[in-house]
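Have a look at the structure below before the remarks.
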Amino acid sequence: MRFPQIYFFGRSRKLLKSPAEFSTRKVLEYYSELEELKRAVSEHFTVENVFYEAGILTFQVAEREIKDRFRKLYKDLRRLGYLPAARLQDGKVVIRVFRYREPALGWMRYRNLPLILFIATLAAVFVDGFLRASSPGYDILLGERSILDKFLEASLFTIFLMMIIGLHELGHLASARRSGMEATLPYFIPGIPGMIPTFGAVIFQKEPIINRDDMFDLGISGPIMSFIISLLASIFVVKVQTLWLTEAEYLKVVEAIKSRGGSFLPAPLIMELIMILSAVPGKVPLIAGVTGFAAWLGFLVTALNLLPIWQLDGSKIFRSLLTPRQHRIASYISLAFLAVMGYFFIAILFLLLMSRMPDIPPLDEVSPLSRGRKLLFAAVLLMIALSFVPAYSF
């Protein structure tokens, strides 16, 4: 199963070659380029030493607080066709310079592909909503309805679910562009109507992440949007599409739905809280519209996406705060959590995918995550707690 996320692709670490690897006629060009790189680094940092390390041009600098300086250096080197990478080495900050190569777009050269995939996903979601609105359970709750009623219900379902997915990806896109990184339009992934209507969407960023702040922002920008839209969808469902029944009526309806092959999904904590705040004394709530499933799915995907696994959004969020080893431990704990909560096959799939994905740190690994973002990390944990839905009822 693939969930909404943002990728970087085509990152090239082709090294700056040494003079010996050039023909004589290119030596002058090489040294001219080398001096330009030295001048660019020296404009932003106090250079203490310049050397080649494993064939990589490396600058040892005096500064330790480098976040703003490094971002400016990145922009200068990017114009020259290079990328910097800052690391701590023996207590000193070293900046390595790599040649940048434009990513090969491949199948993404088709300009109309995002639109085609969007229309296909829109159709799959609508058909899924219509099939769900036509299920016998809703006939029990609402009586016999016309095709138009089911069409309107499917339309609401489509609007909310596409907003949850679409605004999630637009949140990523806005965050990437705010950080100065070019990214593609969202590529929606149609699903199978009657099962999973969509597998989300992806945005491909064309440049690497500069620092931990940018990594955190990229990770959290999408889930915040999908959480808010899912919350609004839940409020709409509770206010407009929820029946408030006596306990006897509720038990009778539940028994009738189960006898027709229907089932009930466990609700995330946030939906339970909304129900409590909207409670009618002496009545039991029962959602009578497929839009409730859109909100439910939005919360589930948001929670899963926030876990520090594979290339999900949560992986960027946790990696911006943790060391590679700590992040790996958090990933395995999350996989165990998923398995215990009933998502065993998803946990196995993520485990297999995670084993094939290398750690991709930000270019600036020296600068820590800002204090404000560290505090915001608590909101990430809260969203997981409020949104997560186990695969079974306790």
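By how many nm would the segment from R328 to L113 grow when fully extended, if each residue of separation counts as 0.36 nm and the alpha-carbon distance is taken off?
Once the chain is fully extended between R328 and L113, it gains 73.9 nm.
Hey, can you rank 240-252, 212-224, 192-204 by average C-beta count inside 10 Å, highest first?
Values: 240-252: 14.2, 212-224: 25.2, 192-204: 19.2.
Packing order, densest peptide first, comes out as 212-224, 192-204, 240-252.
Taking 7 Å along the Cα-to-C-beta vector as the label spot, tell me the R79-Y52 distance in nanometres, rounded to one decimal.
2.8 nm
From the square roots a ≥ b ≥ c of the eigenvalues of the alpha-carbon gyration tensor of the chain, which class results: rounded (a/c under 1.5), prolate (a/b over b/c), or oblate? Numbers along the way, then the final one.
Working: a/c = 3.07, a/b = 2.32, b/c = 1.32.
In terms of gyration-tensor shape, prolate.
Over 20 Å between Cα atoms: which of K206/K374; K252/K283; K38/K92; K38/K206 fall into that group?
Details: K206/K374 27 Å; K252/K283 14 Å; K38/K92 18 Å; K38/K206 26 Å.
Over 20 Å Cα-Cα: K206/K374; K38/K206.
Report the net charge of residues surrounding L245, where surrounding means a beta-carbon distance below 14 angstrom and charges are Lys +1, Arg +1, Asp -1, Glu -1.
Numbers: positive: K252, K283; negative: E247, E249, E255.
Local charge sum for L245: -1.
Which FRET efficiency value, to the nearest 0.05, is calculated for D90 and A174 with the Förster distance at 45 angstrom and r the Cβ-Cβ distance?
The formula returns an efficiency of 0.70 here.
Listing H168, H44, H327 from the residue with the fewest other Cβ atoms within 10 Å to the one with the most, what is the order?
Neighbour counts put them in this order, fewest first: H327, H44, H168.
How high is the relative contact order of the chain? Use alpha-carbon pairs under 8 Å, at least six apart in sequence, and give a whole percent. Don't jump to the answer; show the numbers that get you there.
Values: 637 pairs, mean separation 79.1, N = 394.
The value is 20 percent.
Report the full-extension gain for the segment R260 to K72: residue separation times 0.36 nm, less the Cα-Cα distance, to one decimal in nm. Working shown, then result.
Numbers: separation 188, 0.36 × 188 = 67.68 nm, distance 6.42 nm.
Going from the current span to full extension adds 61.3 nm.
Expressed in nm to one decimal, what extension gain is obtained for the pair A120 and S155 from 0.36 nm per residue of sequence separation less their Cα-Cα distance?
Details: separation 35, 0.36 × 35 = 12.60 nm, distance 1.50 nm.
11.1 nm is the gain from fully extending A120 to S155.
Name the aspartates and glutamates eligible as straight-distance cross-link partners of K258: C-alpha to C-alpha under 20 Å, and not fewer than 8 places from it in the same chain.
D139, E144, E247, E249
In percent, how large is the relative contact order of the range 219-317, given Cα pairs closer than 8 Å and 6 or more residues apart? Could the numbers behind the result be given before it?
Numbers: 97 pairs, mean separation 46.2, N = 99.
With pairs under 8 Å counted, the relative contact order is 47 percent.
If you filter the range 140-213 for GluC sites (Glu not before Pro), then keep DSSP loop positions with at most 13 other Cβ within 10 Å, what is left?
Passing both the DSSP loop test and the Cβ count: E144, E182.
Could you give the distance between the Cα centres of the range 31-86 and the range 257-327, to the whole Å?
The range 31-86 and the range 257-327 have Cα centres spaced 46 Å from each other.
For the chain, give the share of DSSP beta bridges that are antiparallel, in percent and rounded to the nearest 5; count only bridges with both residues there. Don't skip to the answer; put the middle values down first.
Working: 30 of 35 bridges.
In the chain, DSSP labels about 85 percent of beta bridges as antiparallel.
Taken together, the values in this text are just the output of simple stated rules run on the coordinates, not laboratory data. The shown structure was predicted, so the numbers you read here are calculated from the model rather than taken from an experiment. Neighbour counts run over all protein chains shown; Cβ positions are idealised from the backbone, glycine included.
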